[in-house]
Amino acid sequence: MKVLDPKFIRQNPDVVKQAIANKGEKADVDGFLAADEKRREIISTVEKLKAERNTVTAEIAKLKKGGQNADEMIAKMRAVGDEIANYDKKLQEVEAEINNLLLWMPNMPHSSVPVGKTDADNVEVKKWGEIKTFDFKPRSHWEIGEMIGGLDIKHGATVSGSGFYFLTGPGARLERALINFMLDLHTLKHGYTEVMVPYIVGPNAMRGTGQIPKLAEDMYHIEKEDLYLIPTAEVSLTNMFAEEILQPDSLPKKICAFSPCFRREAGSYGKENRGIVRVHQFHKVEMVKIVEPDSSYDELEKLVGNAEAVLQALGLPYRVRILCTGDLSFAAAKCYDLELYAPGMDAWLEVSSCSNFEDFQARRMNLRYRTEKGGKTAFPHTLNGSGLALPRTMAGILENYQTKSGEVIIPEPLRPYMGGLEVLKG
RNA sequence: GGAGAGGUGGCCGAGUGGCCGAAGGCAGCUGCCUGCUAAGCAGUUAAUCGGGUAAAACCGGUUCUAGGGUUCGAAUCCCUACCUCUCCGCCA
């Protein structure tokens, strides 16, 4: 189980250290280098011993076959065997140490990613749509949502605690319409294959996409079975082909899925928590691509376009920001955030995050492909992007399309999904 | 939950202690032949680690689900875990 290419770290320790610093991560490069050197030392010693054992053992076989005595050799090999066992044990320890260190190594940011520390250093690269003006004070989505009888936060807390909510009547229907609309767009127009995925996955999958060990605290974990609730369909989708060698003509793979997402959001209580913009369970439509390395940055741009298409169709103003190194997630090499404008909150809400992980996830999950028929294996690049997260999209619609009298106009493209309905009212 | 079977290379599938990195088939690749969307013949094709090289070649180690054990030596014997399949039961 690797993360960064060990050879790359060995040869470019300073590059790796700088990248870790830029990301604001802590990972022990020097510790890795020391352990790595120790590992190779042990390997060369133990391999010599094993080579010796292999030759002698073959001779023993020959002697025995000829009915001759081989007791002396056997006694000698017994000693060699013990020695080998000894070194093998040491080797195992060192490798365990190395693997652990590697699992905590973040991905390297791409050279086009701006260096920065926080959210404030992200760079806006695009703005789309006009921010609507209202002749009244626009209400927040939780206000307008309740007014139309579509949102019930109070009873969510009753049943499950804070961070959970009910969608009722028109709210539930609107969400279902949004899900179908998004899936149809991505499958029919953007060429993704729709997939229904498991919502509960094993530790290997979580490690594969990089949620654990680093982000383990944010995940819901079922102890009894050692299974996790997915924080995003990315985990199931990207891990779908883990440990496999894909044939060259099967790339690029473009798959998408709707799923619930579960996040503990540990330590994020406080402000920014009103309404449904930060909750423990929500729905999301997710797109995943598995592509050849050469094309991954082109594919990232297309992926962003696929997510943008949803916002544009819905007529929601948004901006696109490229995340700076410090805001970039552990596993990503480059990431764009799409944020829609919510006039009721007067805030930009992140509804999609589109990332290129390069070969980081592929290495972790040992996902490979053949570069050509009968050719060598290599790690493909993996990407994913939301298309989109439902609660914040819902918030965007409620706040942008509200009327003075407390109704909500349904965006045109959603109407066919709602039996032709045009307005939601209480 | 009960009973049974099984996990081998890109896939299928043989192999019960040394001559097995592993027969055979399929798929792939390379030639030959054939003049016709094909068939035939011959050869060839695992992954990974260490060393080596400008890169190869090359040398060596490991790997037959995983982990432990027996042995001079394990795909092959023993133990444990996990997974898959079949039958029965239960259940949306």
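The values are calculated or read from the model by the stated rules, or taken from the named source; none is laboratory data. This one's a predicted model, so the numbers in the text were calculated from it and none came from an experiment. As a convention, Cβ positions derive from the backbone with ideal geometry for all residues, glycine included, and neighbour counts pool all protein chains shown.
Would a scan of the range A:383-394 turn up a residue that is under 19 Å from A:Ser112 (Cβ atoms), among the hydrophobic types (A, V, I, L, M, F, W, C), surrounded by 24 or more Cβ atoms within 10 Å (Cβ to Cβ) and at pLDDT below 95? Taking every residue of the range A:383-394 in turn, none turns out to be under 19 Å from A:Ser112 (Cβ atoms), among the hydrophobic types (A, V, I, L, M, F, W, C), surrounded by 24 or more Cβ atoms within 10 Å (Cβ to Cβ) and at pLDDT below 95. In this structure, is A:Glu265 touching a His at 6+ places or on another chain (Cβ under 7 Å) and farther than 19 Å from A:Asn384 by Cα? Spelling it out, A:Glu265 is indeed touching a His at 6+ places or on another chain (Cβ under 7 Å) and farther than 19 Å from A:Asn384 by Cα.
Counting only strands (runs of 3 or more DSSP E) that sit wholly inside the range A:174-289, those with at least 1 residues that are touching a Ser or Thr at 6+ places or on another chain (Cβ under 8 Å) and buried (at least 20 other Cβ atoms within 10 Å of the Cβ) are A:253-262. Can you confirm whether A:Leu340 is in contact with a Ser or Thr (Cβ under 8 Å, 6 or more places away or on another chain), assigned to a loop (DSSP other than H, G, I, E, B), at pLDDT 95 or above and not β-branched (Val, Ile, Thr)? When the stated conditions are applied, A:Leu340 does not pass them. Say we look at the range A:363-389 and pick out the residues that are in contact with a Lys or Arg (Cβ under 6 Å, 6 or more places away or on another chain) and more than 16 Å from RNA strand B (Cβ to nearest atom); which of these is nearest to A:His141 (Cα to Cα)? Looking at the filtered set, the residue picked out is A:Ala389. The residue pairs whose first member lies in the range A:390-415 and is among the acidic types (Asp, Glu), whose second member is assigned to a helix (DSSP H, G or I), and whose beta carbons are closer than 6 Å, counting only pairs six or more residues apart or on different chains, are A:Glu399/A:His141. Of the helices (runs of 4 or more DSSP H) contained entirely in the range A:1-111, those carrying at least 2 residues that are within 12 Å of RNA strand B (Cβ to nearest atom) and of a type in the set (Val, Ile, Thr) fall at A:29-65, A:71-103. Tell me which residues, restricted to the range A:308-348, are among the basic types (Lys, Arg) and within 27 Å of A:Arg415 (Cβ to Cβ). The answer is A:Arg319, and nothing else.
Screening A:Gly396 against (1) away from RNA strand B (no atom under 16 Å from the Cβ); (2) not in a helix (DSSP H, G or I) leaves a single unmet condition, (2). Quick one: in the range A:116-144, of everything that is in a loop (DSSP other than H, G, I, E, B) and hydrophobic (A, V, I, L, M, F, W, C), which residue is farthest from A:Asp337 (Cα to Cα)? Of everything passing the filter in the range A:116-144, A:Phe136 is farthest from A:Asp337 (Cα to Cα). All conditions in (1) within 28 Å of A:Asn239 (Cβ to Cβ); (2) over 23 Å from the mean Cα position of the chain (by Cα); (3) in contact (Cβ under 8 Å) with a residue 24 or more places away in the chain hold for A:Gly81, with the sole exception of (1).
Annotation: of all residues in the range A:145-166 being outside any loop (DSSP other than H, G, I, E, B) and touching a residue at least 40 places away in the same chain (Cβ under 8 Å), the one that is surrounded by the fewest Cβ atoms within 10 Å (Cβ to Cβ) is A:Ser160.
The sole residue among A:Lys284, A:Lys302 that is in contact (Cβ under 8 Å) with a residue 60 or more places away in the chain and more than 16 Å from RNA strand B (Cβ to nearest atom) is A:Lys284.
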